[in-house]
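One structure is given below, encoded as structure tokens.
Any read-out appearing in this document is the output of simple, stated calculations on the displayed coordinates, not a laboratory observation. Owing to the predicted nature of the structure, the values given are computational and were not obtained by experimental measurement. Cβ placement follows ideal geometry from the backbone for every residue including glycine, while neighbour counts extend to all protein chains displayed.
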Amino acid sequence: MAVAEISGYKLIVRMTDADSLGGDAKRFMNGRLRPRHNDGSIWMIPQGDDEQWETDKATLKSFGFEFFDALYHPHAERPWAKRVFVKYLNSDPPEAQILWINPNEPNPEFNGRPFEVCTNKEFYKIAALRHTEAVEYTPATSDIVTQAFIEHCCYAYKMDHDGYHGFYHWMRVLQNGRHLAKAENANIKVVELFALLHDTQRQNEDDDPEHGLRAAQFAETLRGTWFYVTDAEMELLTEALIHHSEGYTEGDVTVRVCWDADRLDLGRVGINPKPDRLCTETARNDDVLFWANARSRHKVV
């Protein structure tokens, strides 16, 4: 048995024998259990708002459950629950997933599918390959993404393209954006422009709060020569560029797709994108999160 991984903060709880639980404990379990988030011995609670989070912790303590915050406690300290990379044994091509398991389980499986633990490197290789095969990106050709325009943007970037914010990041944002734009019916021209332009004016890899504004100003100098957009499209592009690092989640669907396309690549800096900080339903989908994160961490363009 196993428990499916979810993004963000979570509590991992050791389940008490259900027969020994009182009525209040059972009602709490029924209210907070989620499909695929428990296997009868390990119970995962995703974080709600801050008040709900503290209430859950207090309730667990009052019922005598053993639990820990998965984000802060080393997994080795809890031998009854380990977060592992696994590959399924009955799939062709190979499939991989992140799961919480009880290492004492003699025949580990998830949703009836047997698996074995694999290495971090093997996991991301499998995930990246499957992502390439599974996702169809559109459009196949583009008026925006030409070799000449890509090279122009690359020359405008003054830092190392092998760093966190250079060409390879742009290409993953482009792929993410194309997938999201198709699903959310966003303006593909604006999304593609955003992908290529949003970090071109960065001056360092860390804190550069004005780089979005500089990118918008740079985009304005290119309009009418390197690309052609309507006034309405330029307004969307400008908004997406200026605010893409500020954590906003509200706005026109095209702007939100731009922001999500960028945030889905946070794995490159060791951060799992959190669903509650994403802007679209498509980006919050478990499969989209999984595959985007796999490409990002494995640095697959």
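Points worth noting:
- For the chain, the tally of Lys pairs with Cα-Cα distances below 12 Å comes to 6, considering only residues 8 or more apart or on different chains.
- Divided by 2.2 N^0.38 Å, where N counts the residues, the Cα radius of gyration of the stretch 224-290 comes to 1.22.
- Arg34-Asn185 FRET efficiency (beta carbon distance; Förster radius 25 Å; 0.05 resolution): 0.25
- The distance between label points at Glu210 and Asp231 comes to 2.9 nm (points 7 Å beyond Cα on the Cα→Cβ vector).
- Hull volume per residue, based on the alpha-carbon atoms of the chain and their convex hull, is 144 Å³.
- Options Cys258, Gly48, Leu89, ranked by Cα towards positive dipole end of the chain, top entry (Cβ charges): Leu89
- Dimensionless Rg ratio for the stretch 1-118, taking C-alpha atoms and the 2.2 N^0.38 Å reference: 1.09
- Size estimate for the stretch 147-298 follows the Kirkwood approach: the inverse of mean 1/r over distinct Cα pairs works out to 15.2 Å.
- Percent of C-alpha pairs per 5 Å bin, the stretch 174-227, short to long: 4, 19, 24, 18, 19, 13, 2
- GNM on the chain, alpha-carbon springs under 10 angstrom: the most fluctuating residue among Val190, Val255, Val117 is Val117.
- Over the chain, dividing the summed -39,500 (n - 2.57) contributions of all DSSP H runs of at least 4 residues by the number of residues returns a 222 nm mean residue ellipticity of -13500 deg cm²/dmol.
- A Cβ-based charge dipole, computed about the Cα centre of the stretch 136-275 with Lys and Arg at +1 and Asp and Glu at -1, lands at about 320 debye.
- Between Asp276 and Lys61, the modelled label-to-label distance comes to 2.0 nm, taking each label 7 Å out from Cα in the direction of the beta carbon.
- 0 to 90° range, to nearest 10: angle between helix 231-243 axis and the chain longest Cα axis: 50 degrees
- Cα-based helix-to-principal-axis angle, 188-197 vs the chain, degrees rounded to 10: 90 degrees
- Full extension of the segment from Glu250 to Lys26, taken as 0.36 nm per residue of separation minus the current Cα-Cα distance, would add 76.9 nm.
- Based on C-alpha pairs under 8 angstrom that are at least 6 apart in sequence, the chain has a relative contact order of 16 percent.
- Helix 167-184 axis, angle to the chain major axis (alpha carbon atoms, nearest 10°): 80 degrees
- Note on Glu105 and Thr146: their simple-model spin labels are 5.4 nm apart, each label 7 Å out from Cα toward Cβ.
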